[in-house]
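Accompanying notes for the structure given below.
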Amino acid sequence: MHLLSSPIRLLCRMLPFAGLCMATAMAADTDRRDFVRAFENSVIVPIVEDTPGSALVVVLDGRVALQKAYGVRQQHRSAPVTNKTLFRIASISKTFASAAAAILIEEEPISWQTPLVSQLQDLHFKRADYGNRITLHHLMSQSSGLMPHAYTNLIEDNMPYQRIIKRLHKVDFVCAPGECYGYQNVVFSLVGDVIQELTDMNYPSYVTKKIFEPLQMNRASFGLDAFIEDDDHAEPHLRDRNDWVPVRTTHHYYRVPPAAGMNASIDDMKEWLLAQLGQKPRVLPPAALDAKHRGAVKTTVRQAHYGYRRRLGDVYYGLGWRVFDYDGHENFAHHGGYVRGMRSEMMVNRDLQIGLVFLTNSEPARVNDLIFDFLDLYRLHQQTQRVADTHPANPGITALPSTD
């Protein structure tokens, strides 16, 4: 028996020509299943066959169309990846930081344009005229004007975050705040200091209270201990010749929780994905999502780590998100994540009500193309639907189109 979602069944009962409505809705569900089958077979399966373990969630038309776990938590062991298995999401953590900042602005006497130095009295920069102008908006949009990746090397050298912050007065500016893009981890994480100054809550506690709990992200956490002490976590892996080898979980980027310190399961990320699509307005209202998903500073394709795609338009950094136009559609919000032995990808588009999250405990090269392979297949899916409206015998999509 074909089961439609409750809202669709209710709407069909209220409308005239209910039979036609139900048939149309059933056809839409069939189209979604065709797309999901093609995407999984042509894009996901080649990736997951070359990884120890992975997890995926796909949303189409605002509804979860596919959620699935693949493989094992550790190579050559039997414990499977499940929907509740914890992964490190690395820089996708930044999407939570900008959401926390948006919530802070709604609840505390601060705005996106409030200078940081007005809240953090011990914060000093090499050029006071520029430093005094850096705002929360500049932090979240990676447009502070400071040299890119300022002191990321010190994170990897195990220097404590508070010691690194005290060295910011030595960092050169490459432009005035707001005038150029420069990716940061340390400087980006100053949002946590602002939150603690205004709320007397440390950053992980604030995000847990304001985001994890109301969204029922029950497995999400921060920090190394929360990860490795959990019985259901995925071990990181590196390639060694023709095999994946488990490696030690590094702690470096856990030192900057807003930038890269989160752990989450695919169940958790499903809730986050739906929230980004506007389905959790009590936590993230439309105005907050508008601010986060709007391009704030333009970047190059190379700076965004995107390969050449003919349909790729303008590329920006928004607030905690990369933002790009594709095939005539605007405001795709995307972020990837990487720490040693782990990769993650997330993409949403509120206008189209589509999105996906992919997590893996390895570093497969194919993940680099995942987002755009999804979008190219989605474009073909939409074209097929339009053809099917005129030619009902059209068999639907079965494979990924060529990309140029």
Residues located in region 320-330, provided they are outside any loop (DSSP other than H, G, I, E, B) and crowded, with 21+ Cβ neighbours inside 10 Å: Arg322, Val323, Phe324, Tyr326
Any hit, region 253-270, residues being among the basic types (Lys, Arg), at pLDDT 95 or above and within 16 Å of the chain's Cα centre (by Cα): yes
Subset of region 123-137 (residues that are in contact with a helix residue (DSSP H, G or I) (Cβ under 8 Å, 6 or more places away or on another chain) and either closer than 21 Å to Ala100 by Cβ or in a strand (DSSP E or B) (or both)): Leu123, Ile134, Thr135, Leu136
Selection within region 307-340 - of a type in the set (Phe, Trp, Tyr) and more than 22 Å from Arg366 (Cβ to Cβ): Tyr316, Tyr317, Trp321
Residue match in region 185-193 (condition: over 27 Å from the mean Cα position of the chain (by Cα), over 23 Å from Asp129 (Cα atoms) and at pLDDT 95 or above): no
Of all residues in region 105-114 being surrounded by 15 or more Cβ atoms within 10 Å (Cβ to Cβ) and over 25 Å from the mean Cα position of the chain (by Cα), the one that is farthest from Arg167 (Cα to Cα): Glu108
Qualifying residue in region 152-163 (condition: part of a helix (DSSP H, G or I) and of a type in the set (Lys, Arg)): yes
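The rows are residues; the columns are (1) crowded, with 16+ Cβ neighbours inside 10 Å; (2) among the hydrophobic types (A, V, I, L, M, F, W, C); (3) under 14 Å from Lys292 (Cα atoms).
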site: Thr95; (1), (2), (3): yes, no, yes
site: Ala101; (1), (2), (3): yes, yes, yes
site: Leu116; (1), (2), (3): yes, yes, no
site: His138; (1), (2), (3): yes, no, yes
site: Ser141; (1), (2), (3): yes, no, yes
site: Gly145; (1), (2), (3): yes, no, no
site: Ile164; (1), (2), (3): yes, yes, no
site: Arg167; (1), (2), (3): no, no, no
Residue within region 115-131 that is within 25 Å of the chain's Cα centre (by Cα) and closer than 29 Å to Tyr338 by Cα present: no
Hits in region 354-365 (condition: more than 16 Å from Asp376 (Cα to Cα) and either assigned to a loop (DSSP other than H, G, I, E, B) or of a type in the set (Gly, Ala, Ser) (or both)): Asn361, Ser362, Glu363, Pro364, Ala365
Entirely in region 194-296, the strands (runs of 3 or more DSSP E) that have 2 or more residues that are buried (at least 16 other Cβ atoms within 10 Å of the Cβ) and not β-branched (Val, Ile, Thr): 243-246, 262-264
Some residue of region 179-193 being touching an Asp or Glu at 6+ places or on another chain (Cβ under 6 Å) and over 30 Å from His76 (Cα atoms): no
Counted residues, region 54-81 - those being under 17 Å from the mean Cα position of the chain (by Cα) and over 25 Å from Ile371 (Cβ atoms): 0
The one condition in (1) farther than 21 Å from Tyr338 by Cβ; (2) within 26 Å of the chain's Cα centre (by Cα); (3) aliphatic (A, V, I, L, M) that Ile228 fails to fulfil: (1)
Scope region 169-187; condition surrounded by fewer than 23 Cβ atoms within 10 Å (Cβ to Cβ) and of a type in the set (Val, Ile, Thr); matching residues: Val171, Val174
Meets criteria (in contact with a strand residue (DSSP E or B) (Cβ under 8 Å, 6 or more places away or on another chain), in contact (Cβ under 8 Å) with a residue 12 or more places away in the chain and under 30 Å from Ser54 (Cβ atoms)) for Val81: yes
From the options Ala90, Ala102, residue that is farther than 17 Å from Ile266 by Cα, modelled with pLDDT of 95 or more, of a type in the set (A, V, I, L, M, F, W, C) and within 18 Å of the chain's Cα centre (by Cα): Ala102
Count of residues meeting criterion [part of a helix (DSSP H, G or I) and of a type outside the set (Phe, Trp, Tyr)] in region 87-122: 20
Region 89-121, subset in contact (Cβ under 8 Å) with a residue 12 or more places away in the chain and of a type in the set (Asp, Glu), residue farthest from Val323 (Cα to Cα): Glu108
Tally, over region 165-193, of residues that are within 22 Å of Tyr253 (Cα to Cα) and part of a loop (DSSP other than H, G, I, E, B): 12
Answer residue from region 52-72, given it is buried (at least 24 other Cβ atoms within 10 Å of the Cβ) and of a type outside the set (A, V, I, L, M, F, W, C) and is nearest to Tyr378 (Cα to Cα) among those: Ser54
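The values are calculated or read from the model by the stated rules, or taken from the named source; none is laboratory data. Computed from a prediction, not measured in an experiment: that's the story for all the values here. Note: ideal-geometry Cβ built from the backbone for every residue, glycine included; neighbour counts use all protein chains shown.
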